[in-house]
Amino acid sequence: QVRLVESGGGLVQAGGSLRLSCRASGSIFRLNGMGWYRQAPGKQRELVAVITDGGSTNYADSVKGRFTISGDNAKKTVYLQMNSLKPEDTAVYYCNVWGVNHYWGQGTQVTVSS
């Protein structure tokens with residue numbers, strides 16, 4: 001069984017910063033990639049950023065230049081540094097990791113006030 005534990009969400013004013021962390025534990029031998037998705041009320045879940053085990057990254061256009069994803073494959077941990085936050089970044093942020101299968105965290109709330 002694989003467990004993902006997320007932390008770092010919260011309430012911040014527009015222009016502020018937050019850092020999300022997600023650590024995977026359990027029966028997962030190898031990670032091919034890790035990432036973050038988000039879901040705002042009334043909207044579909046969307047990709048925020050992903051990083052592969054080779055270090056390649058991909059970002060949603062809406063967060064490019066503001067968010068940075070990084071990962072430690074040995075620790076099975078992925079981070080998301082979020083700067084210059086905007087009210088439209090408000091959402092539940094979900095960690096996702098994958099090897100043979102995809103695994104999801106429980107989500108952490110990020111609220112950006114104007």
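Let me confirm something: among S113, S25, S62, S70, which residue is small (G, A, S) and in contact with a Phe, Trp or Tyr (Cβ under 8 Å, 6 or more places away or on another chain)? Walk me through it before giving the result.
Values: S113 fails: in contact with a Phe, Trp or Tyr (Cβ under 8 Å, 6 or more places away or on another chain); S25 fails: in contact with a Phe, Trp or Tyr (Cβ under 8 Å, 6 or more places away or on another chain); S62 fails: in contact with a Phe, Trp or Tyr (Cβ under 8 Å, 6 or more places away or on another chain).
After ruling out the rest, the residue left standing is S70.
If you go through the range 92-112, how many residues are within 16 Å of V50 (Cα to Cα), more than 11 Å from the chain's Cα centre (by Cα) and either open to solvent by less than 40 Å² (accessible area, probe 1.4 Å) or basic (K, R) (or both)?
Going through the range 92-112 one residue at a time, the tally reaches 1.
Need a quick list: strands (runs of 3 or more DSSP E) entirely within the range 8-91 having at least 2 residues that are farther than 19 Å from V112 by Cα.
Numbers: elements: 10-13, 18-26, 33-39, 46-52, 57-59, 67-72, 77-82.
Counting at least 2 such residues, we get 18-26, 33-39, 46-52, 57-59, 67-72, 77-82.
Within the range 28-53, how many residues are more than 14 Å from W98 (Cβ to Cβ) and open to solvent by 50 Å² or more (accessible area, probe 1.4 Å)?
7
In the range 63-113, which residues are in contact with an Asp or Glu (Cβ under 6 Å, 6 or more places away or on another chain) and within 25 Å of G15 (Cβ to Cβ)? Let's see the steps before the verdict.
Residues of the range 63-113 in contact with an Asp or Glu (Cβ under 6 Å, 6 or more places away or on another chain): 73, 95, 105, 108, 112.
Of everything in the range 63-113, those that are in contact with an Asp or Glu (Cβ under 6 Å, 6 or more places away or on another chain) and within 25 Å of G15 (Cβ to Cβ) turn out to be C95, T108, V112.
Taking only the range 73-91 into account, find how many residues are open to solvent by less than 60 Å² (accessible area, probe 1.4 Å), under 15 Å from E6 (Cβ atoms) and either of a type in the set (D, E) or without any contact (Cβ under 8 Å) to a residue 60 or more places away in the chain (or both).
Total meeting the criteria: 4.
The values are calculated or read from the model by the stated rules, or taken from the named source; none is laboratory data. Remember, it's a predicted structure, so these values are computed and weren't measured experimentally. Glycine also receives a Cβ, built like all others from the backbone with ideal geometry; neighbour counts cover every protein chain displayed. Protein only, heavy atoms only, side chains kept; ligands, DNA and RNA dropped before computing areas. Shrake-Rupley method; radii C 1.70, N 1.55, O 1.52, S 1.80 Å.
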